[in-house]
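Participant: The structure that follows is given in the form of structure tokens.
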Amino acid sequence: MSKGRSVFRCTDCGAEQPKWAGRCDACGMWNTLVEEAVGRSAGRAASKGSSPSARPPVRLSALGAVEVARWKTGLDEFDFVLGGGIVPGSVTLVGGEPGIGKSTLLMQVAARLETAGIPTLYVSGEESPDQLRLRADRLTEDAGNIHVLGETRLEAIMHHAAALGARVVLLDSIQTTYTEELEGAPGNVGQVRECAARLMRFAKEAGPAVLLVGHVTKGGGIAGPKTLEHIVDTVLYFEGESTLDHRILRAVKNRFGSVDEIGVFRMTGAGLEPVTNPAAAFLAGRSTGVSGSAVTALMEGTRPMLVEIQALASKAGFGTPQRVATGLDHRRLAVLLAVLERRGGLPFGNLDVFVNVTGGVRLAEPSTDLAVLAALVSSVHDRPVPGDALFVGEVGLGGEVRPVAGVERRLAEASRQGFRRVFLSARSRIAAGGGGLDVVGLENIGELARRLAA
């Protein structure tokens, strides 16, 4: 490969093409091809005649069971999302919107690891050591013992990490890092992929755990090639509205634990505080006795979460009625409105509809359908639902209420938070007693509409 040659690579699937096109031939995505300069040397390519691996293949049955050791940070929610702590030799990618608190979170992690006697190196390509000191001074943790490095060249970062004997390396961010083995500016597809791959080899061979910060695109995904998320062991997303105090750390990939686990933090002037009771935190500002409000129970990984869903249906002032959803897919809202109008007998043709999920939570599972419809029915009739009632169930196009998985854990959490009644599918299989709640079985949404309107 000669110097100066370029190829075009898809940021979504990683496919390579010799020239630019509006659409990737491999995955069919539009406007994802970006130019990538080919490096001076093929750093990943094996030279001809290279010796074979010194490790012969072995049978799985010949390998003994090995318990994964973990380093606990003391931030309970962070450790919970990772599956119990940081695994030595692992690579974790943390993504999130600018200003959401990624750097603050990793600074607190580094401070707690140093306090626990685990050598840590915090590398920043975006802030100088003086700026990092200002950030550290605001934290409640004692961050004075953290070793910090303002560097973007990958070779220098790995040299200093090895010389220091760091067991955990935190890199902020992968998009500012570059390697001399490749041409091109930091942040392009080739640099990001190559730097991540070399950090992965460094972690597996030398043993330190590596935590990377990743910028996100306008679409919410981590910037760079999609292969970046495939290379690393764990992918965490730090979510939340900048106007709200709560932040949610979500695991979307984890080779050493469960996926879809979430941890909840509260942003304060002195850093991030773990929220030990997320259900109570999300329901703290709830007002009972107001129409258009219903509570449901989500399953985030293995953790049940109670959230409030608010709905407002008002007469349309002009033109086509509005359909606005925050925290809920607007297409799912359109389906539920059509089902409620056809099967429940409530007309929405001349009503504006607004649905909001409080606390910045996003509804992804269908078990929340019943609560959305309960809030809508309550708003249309202007009658509040019982303040101690929970709504859990999926709603089909025929108006039937379907059972959901994990219902007993949801009810146990609701009972712990003071709820006394639950509306769910009549076909749900639950233990006798319903977790201490009065169970109201529903066959279809017509029954729901009649009960709430009575």
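The values are calculated or read from the model by the stated rules, or taken from the named source; none is laboratory data. Remember, predicted model here, so these are calculated numbers, not experimental data. Positions of Cβ are backbone-derived with ideal geometry, glycine not excepted, and every protein chain shown enters the neighbour counts. SASA here: full protein model, heavy atoms, side chains in, ligands and nucleic acids out. Shrake-Rupley method; radii C 1.70, N 1.55, O 1.52, S 1.80 Å.
Participant: Please work out which residue is least open to solvent (accessible area, probe 1.4 Å), limiting yourself to the stretch 86-139 and to residues that are in contact (Cβ under 8 Å) with a residue 60 or more places away in the chain and among the basic types (Lys, Arg).
Facilitator: Checked the stretch 86-139; the qualifying residue least open to solvent (accessible area, probe 1.4 Å) is 102.
Participant: Here are the criteria: (1) β-branched (Val, Ile, Thr); (2) at pLDDT 90 or above; (3) open to solvent by 40 Å² or more (accessible area, probe 1.4 Å). Tell me which single one residue 295 does not satisfy.
Facilitator: (3)
Participant: Quick one: would you say residue 430 is among the β-branched types (Val, Ile, Thr), surrounded by 15 or more Cβ atoms within 10 Å (Cβ to Cβ) and farther than 25 Å from residue 327 by Cβ? Don't jump to the end; show me each part of the working.
Facilitator: Working: among the β-branched types (Val, Ile, Thr): yes; surrounded by 15 or more Cβ atoms within 10 Å (Cβ to Cβ): yes; farther than 25 Å from residue 327 by Cβ: yes.
Yes; evaluated as a whole, the condition is true for this residue.
Participant: Restricting attention to the stretch 224-240, which residues are under 24 Å from residue 413 (Cβ atoms) and open to solvent by 10 Å² or more (accessible area, probe 1.4 Å)?
Facilitator: 237, 239, 240 - these are the residues of the stretch 224-240 that are under 24 Å from residue 413 (Cβ atoms) and open to solvent by 10 Å² or more (accessible area, probe 1.4 Å).
Participant: Here's a follow-up. Could you pull out the residue among 185, 161 that is closer than 27 Å to residue 55 by Cα, in contact with a strand residue (DSSP E or B) (Cβ under 9 Å, 6 or more places away or on another chain), among the small types (Gly, Ala, Ser) and not in a strand (DSSP E or B)? Walk me through it before giving the result.
Facilitator: Details: 185 fails: closer than 27 Å to residue 55 by Cα.
On inspection, the qualifying residue turns out to be 161.
Participant: Only one residue in 440, 372, 385 is of a type in the set (A, V, I, L, M, F, W, C), touching a Leu at 6+ places or on another chain (Cβ under 7 Å), modelled with pLDDT of 90 or more and not in a loop (DSSP other than H, G, I, E, B). Which one?
Facilitator: None of the others qualify; the one that does is 372.
Participant: May I pose another question? From the residues in the stretch 164-182 that are among the aliphatic types (A, V, I, L, M), in contact with a helix residue (DSSP H, G or I) (Cβ under 6 Å, 6 or more places away or on another chain) and in a strand (DSSP E or B), which one is nearest to residue 106 (Cα to Cα)?
Facilitator: By that ranking, first place goes to 170.
Participant: Hey, can you tell me all the residues within the stretch 412-427 that are small (Gly, Ala, Ser) and open to solvent by less than 30 Å² (accessible area, probe 1.4 Å)?
Facilitator: Filtering the stretch 412-427 for residues small (Gly, Ala, Ser) gives 412, 414-415, 418, 425-426.
Passing the criteria: 414, 425.
Participant: Of all residues in the stretch 393-411, which are among the aliphatic types (A, V, I, L, M) and either in contact with a Pro (Cβ under 7 Å, 6 or more places away or on another chain) or surrounded by fewer than 17 Cβ atoms within 10 Å (Cβ to Cβ) (or both)? I'd like the intermediate steps shown before the answer.
Facilitator: Within the stretch 393-411, the subset among the aliphatic types (A, V, I, L, M) is 395, 397, 401, 404-405, 407, 411.
Hits for the stretch 393-411 are 397, 405.
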